[in-house]
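Below you'll find the structure, written out as structure tokens, and then a few comments.
The values are calculated or read from the model by the stated rules, or taken from the named source; none is laboratory data. The structure displayed is predicted, hence computed values, not measured ones. Counting neighbours? That spans all protein chains shown, and the Cβs are built from the backbone with ideal geometry, glycine included.
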Ligand code: C2E
Ligand code: MG
Ligand code: MG
Ligand code: MG
């Protein structure tokens, strides 16, 4: 009987694996046509600097699958990375973000900076610089209005090549931020070696603020280390008033998270940005 049970577990496990692979293959296929079918959109989440009273935004991609509904970028971006689809998606994201930024500028949000996420493969693409310059020129936006967010795993791949690319992007005036900072084992290793402007403390550290005092010590240490190295600090995943109070006290430059706003479609962004001004005023 026990043996039978074991066998049935194996069968169950195999069928689960089968489901996972089947879904992956399906998404891989469907990603090929998602762009042409206009299934992607960009949402925007505010990044708030209470001290300066300014707000920037991060573009976050959304995929509305015709049958499966909303699929998280955490699920489909890695799949897009394995195929060459990420190149086309990345180009579309930048074009759309430029277009939307122009719209926001025309509405009077003239000092707002637009952050976009770059995946590892996009970042290492030999055409990146020309692609970026062409898109900015065509959309008539300044590179200095843009922040590129790249993750730690990206910069660790080929350090020397990465430094060269970062220098080129910085020369254009683009701001470079390290996303999900602190989660990789080599976080401290590259802080002084790579020409970057900002770090975004990973959400897991902000969550830990509530758990124990060690969590608070770590966040405080990251902020002060980054500042000593002349880097700006953004905290991601800020959800509570207590977290805001702590981060403000420790001099964190920018905060992002559900406390301020969820990511919203472009149409909702102007009113969200305006509402944030009264929230900022409360903290001053
Ligand atoms: P990320 O760049 O670190 O973005 C932060 C993620 O945390 C977003 O998830 C955001 O919706 C979520 N978030 C923001 N505030 C809070 C909060 O207070 N609490 C919680 N629990 N979550 C919060 P999202 O939009 O699902 O994106 C996931 C990841 O997918 C992003 O992580 C980024 O790495 C990647 N991604 C998103 N858009 C793009 C894109 O256009 N291109 C590329 N290459 N990657 C993208
Ligand atoms: Mg990001
Ligand atoms: Mg992040
Ligand atoms: Mg993240």
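Per-residue answers, yes or no, for (1) within 30 Å of residue 259 (Cα to Cα); (2) part of a helix (DSSP H, G or I):
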site: 7; (1), (2): no, yes
site: 10; (1), (2): no, yes
site: 16; (1), (2): no, yes
site: 57; (1), (2): yes, no
site: 67; (1), (2): no, no
site: 76; (1), (2): yes, yes
site: 91; (1), (2): no, yes
Seminar exercise, completed: When region 138-151 is checked residue by residue, the ones that are within 26 Å of residue 206 (Cα to Cα) and in contact with a helix residue (DSSP H, G or I) (Cβ under 6 Å, 6 or more places away or on another chain) are 150
Problem set entry | The lone exception for residue 103 - which of (1) touching a helix residue (DSSP H, G or I) at 6+ places or on another chain (Cβ under 6 Å); (2) more than 16 Å from ligand 4 (Cβ to nearest atom) it fails | (1)
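Please enumerate the residues belonging to region 160-183 that are under 17 Å from residue 234 (Cβ atoms) and without any contact (Cβ under 8 Å) to a residue 60 or more places away in the chain.
Correct list: 174, 176, 178, 180, 181, 182, 183.
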Problem set entry | Odd one out for residue 210 among (1) surrounded by 15 or more Cβ atoms within 10 Å (Cβ to Cβ); (2) touching a residue at least 24 places away in the same chain (Cβ under 8 Å) | (1)
For this session: May I ask you to list the residues in region 78-89 that are touching a helix residue (DSSP H, G or I) at 6+ places or on another chain (Cβ under 8 Å) and either touching a residue at least 40 places away in the same chain (Cβ under 8 Å) or assigned to a loop (DSSP other than H, G, I, E, B) (or both)?
Result: 79, 80, 81, 82, 83, 85, 89
Seminar exercise, completed: Out of (1) surrounded by 14 or more Cβ atoms within 10 Å (Cβ to Cβ); (2) within 21 Å of residue 121 (Cα to Cα), the one residue 50 does not meet is (2)
For this session: Could you list all residues from region 108-149 that are under 25 Å from residue 74 (Cα atoms), in contact with a strand residue (DSSP E or B) (Cβ under 9 Å, 6 or more places away or on another chain) and at pLDDT 95 or above?
Result: 113, 114, 115, 116, 117, 118, 132, 146, 147, 148, 149
Exercise. What are the pairs, 6+ residues apart or on separate chains, where a residue within region 7-36 that is on the phi < 0 side of the Ramachandran plot has its Cβ under 9 Å from a residue that is at pLDDT below 90?
Worked result: 28/83; 31/83; 32/83
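Residues are listed down the side, and each one gets a yes or a no for (1) at pLDDT 95 or above; (2) touching a helix residue (DSSP H, G or I) at 6+ places or on another chain (Cβ under 8 Å); (3) away from ligand 2 (no atom under 14 Å from the Cβ):
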| site | (1), (2), (3) |
| --- | --- |
| 168 | yes, yes, yes |
| 173 | yes, yes, yes |
| 183 | no, yes, no |
| 186 | no, yes, yes |
| 190 | no, yes, yes |
| 193 | no, yes, yes |
| 201 | yes, yes, no |
| 209 | no, yes, yes |
Exercise. Among 256, 268, 262, which is under 20 Å from residue 101 (Cα atoms), within 16 Å of ligand 3 (Cβ to nearest atom) and loosely packed, with under 15 Cβ neighbours inside 10 Å?
Worked result: 262
Exercise. Of all residues in region 97-118, which are within 9 Å of ligand 1 (Cβ to nearest atom) and assigned to a helix (DSSP H, G or I)?
Worked result: 97
